[in-house]
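Engineer: Take this structure first; my questions come after.
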Ligand SMILES: CC(=O)N[C@H]1[C@@H](OP(=O)(O)OP(=O)(O)OC[C@H]2O[C@@H](n3ccc(=O)[nH]c3=O)[C@H](O)[C@@H]2O)O[C@H](CO)[C@@H](O)[C@@H]1O
Ligand SMILES: C=C(OP(=O)(O)O)C(=O)O
């Protein structure tokens, strides 16, 4: 399953170019099924999840032409074919096939998706949203999802989601784009990757109002056209490199950012004593000199960082924040409100010498600074894996990080990018 070998104790210094957003690539790849015309996708990250999604599309009869490392032309074919269970179960993104296949085939059977094992990963909101458009959703005892339209068509309607689920919003968006009439999605997710999907659907000929808000108005179309769309930058990768630079005490220029995505991320890192400055229209600089003190609330109380749906602090950066906080002075409460079991990776950090109290599955108190020591650890999920990489970089001695597939699902050429920042890391299969 591959491993990294990292010699810690060096500060990350230099420049890094951010890749396209993994969580934009997955819905936008799925959305190519909504048209018979070619779709050109640009700034596609070269990561495992994208390769799996491309293979799933090919299994459904799509033609995939790789123009270069980061751009593809995809033309839908039969929209039918046997989806390999191991691929569907390899990524969360496979669930995004539901909406477009329902909109074009009227019936879909799909085995449950995979993705990070950080909680239940419920699908109820997907079924609720699609049922509002006139679909019947059932799940068999072995977990197979069977969903079909009641009258051979989806009908635009007033959809209210029971939670602002990212992929459920994206599935309902894609289904509504080919539904008869107008749909409203209330309590929609509004993350930058949801916005990217909306922008792509608009380019395909589907009018959408309210992009970036939690209320979307979609005017369903009889057909959609092809388009060329450039994915946004991956703000999870940006946050990961801000944390790496700040925790290791280096100076890093991060290129290819969209500053508008970073307002809450900035506040979160400032709370753990790490700041950065804009350095031009699409770059930011993490300076070497940092406060390195965990903030206090007004009145001197211990502060907290908690996640929330956009524009709240992104859940996927809590693992990064946690490991960075171990290198700062003071105490802070990390509160993972959205996922049930993301925090268990903290056991690995404690093994490396971190002073963390895991109060319950959702909350941890970090006391810093801790001297970390190299150890052999295994990545349980994409973001925990990146957090372990940061821990290894800050640790004394050598660390081995196993199961790096659960890092490279979401990070392009991480080993190369870290070597370019002067860090000692080797990758082996
Ligand atoms: C492929 C993809 O895009 N994956 C992302 C997507 O997963 P995904 O779409 O699966 O995640 P959801 O947005 O559905 O929900 C994430 C978790 O938050 C909970 N929840 C959600 C909304 C809410 O208002 N309250 C609440 O508690 C859910 O019950 C679940 O436990 O969004 C997550 C949350 O940004 C990210 O971690 C994943 O990287
Ligand atoms: C949770 C994540 O991914 P996925 O939903 O694809 O498992 C992530 O990117 O942090």
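Engineer: Sort through 243, 239, 249, 256 and tell me the only one that's surrounded by fewer than 24 Cβ atoms within 10 Å (Cβ to Cβ), under 22 Å from the mean Cα position of the chain (by Cα), closer than 19 Å to residue 418 by Cβ and assigned by the TED database to the domain that holds residue 307.
Structural biologist: Being surrounded by fewer than 24 Cβ atoms within 10 Å (Cβ to Cβ), under 22 Å from the mean Cα position of the chain (by Cα), closer than 19 Å to residue 418 by Cβ and assigned by the TED database to the domain that holds residue 307 holds for just one of 243, 239, 249, 256, which is 256.
Engineer: Here's another thing I want to ask about it. If you check residue 299 against the conditions, is it touching a residue at least 40 places away in the same chain (Cβ under 8 Å) and either surrounded by fewer than 21 Cβ atoms within 10 Å (Cβ to Cβ) or within 26 Å of the chain's Cα centre (by Cα) (or both)?
Structural biologist: Values: touching a residue at least 40 places away in the same chain (Cβ under 8 Å): no; either surrounded by fewer than 21 Cβ atoms within 10 Å (Cβ to Cβ) or within 26 Å of the chain's Cα centre (by Cα) (or both): yes.
Considered against the rule, which asks whether it is touching a residue at least 40 places away in the same chain (Cβ under 8 Å) and either surrounded by fewer than 21 Cβ atoms within 10 Å (Cβ to Cβ) or within 26 Å of the chain's Cα centre (by Cα) (or both), residue 299 comes out as no.
Engineer: Now, a different point. In the set 67, 15, 55, which member is more than 17 Å from residue 103 (Cβ to Cβ), assigned to a helix (DSSP H, G or I) and either modelled with pLDDT of 95 or more or not assigned by the TED database to the domain that holds residue 381 (or both)?
Structural biologist: Of the residues listed, the single one that is more than 17 Å from residue 103 (Cβ to Cβ), assigned to a helix (DSSP H, G or I) and either modelled with pLDDT of 95 or more or not assigned by the TED database to the domain that holds residue 381 (or both) is 55.
Engineer: Say whether the condition of being at pLDDT 95 or above, within 15 Å of ligand 1 (Cβ to nearest atom), within 23 Å of residue 44 (Cβ to Cβ) and touching a strand residue (DSSP E or B) at 6+ places or on another chain (Cβ under 9 Å) is met by at least one residue in segment 73-87.
Structural biologist: Taking every residue of segment 73-87 in turn, none turns out to be at pLDDT 95 or above, within 15 Å of ligand 1 (Cβ to nearest atom), within 23 Å of residue 44 (Cβ to Cβ) and touching a strand residue (DSSP E or B) at 6+ places or on another chain (Cβ under 9 Å).
Engineer: Additional query: Answer yes if at least one residue in segment 105-126 is within 15 Å of ligand 1 (Cβ to nearest atom), in a helix (DSSP H, G or I), in the same structural domain as residue 165 (by the TED database) and in contact with a helix residue (DSSP H, G or I) (Cβ under 7 Å, 6 or more places away or on another chain), and no otherwise.
Structural biologist: Yes, that holds for at least one residue.
Engineer: What tally of residues in segment 314-334 results from selecting those that are surrounded by fewer than 23 Cβ atoms within 10 Å (Cβ to Cβ) and within 12 Å of ligand 1 (Cβ to nearest atom)?
Structural biologist: 1
Engineer: Of the residues in segment 215-236, how many are within 16 Å of ligand 1 (Cβ to nearest atom) and more than 19 Å from the chain's Cα centre (by Cα)?
Structural biologist: Number of matching residues: 2.
Engineer: Would you please name the residue that is nearest to residue 197 (Cα to Cα), looking only at residues in segment 22-52 that are assigned to a helix (DSSP H, G or I) and more than 12 Å from ligand 1 (Cβ to nearest atom)?
Structural biologist: The selected residue is 31.
Engineer: Answer yes if at least one residue in segment 139-159 is within 16 Å of ligand 2 (Cβ to nearest atom) and surrounded by fewer than 22 Cβ atoms within 10 Å (Cβ to Cβ), and no otherwise.
Structural biologist: Within segment 139-159 (the criterion being within 16 Å of ligand 2 (Cβ to nearest atom) and surrounded by fewer than 22 Cβ atoms within 10 Å (Cβ to Cβ)), the answer is no, since none of the residues qualifies.
Engineer: While we're looking at this one, here's another question. Within segment 83-102, work out how many residues are in a loop (DSSP other than H, G, I, E, B) and in contact with a helix residue (DSSP H, G or I) (Cβ under 7 Å, 6 or more places away or on another chain).
Structural biologist: Matching residues across segment 83-102 total 4.
The values are calculated or read from the model by the stated rules, or taken from the named source; none is laboratory data. Every value quoted in this text rests on a predicted model; they were computed, and no experiment measured them. Virtual Cβ from ideal backbone geometry, glycine too; neighbours counted across all protein chains shown.
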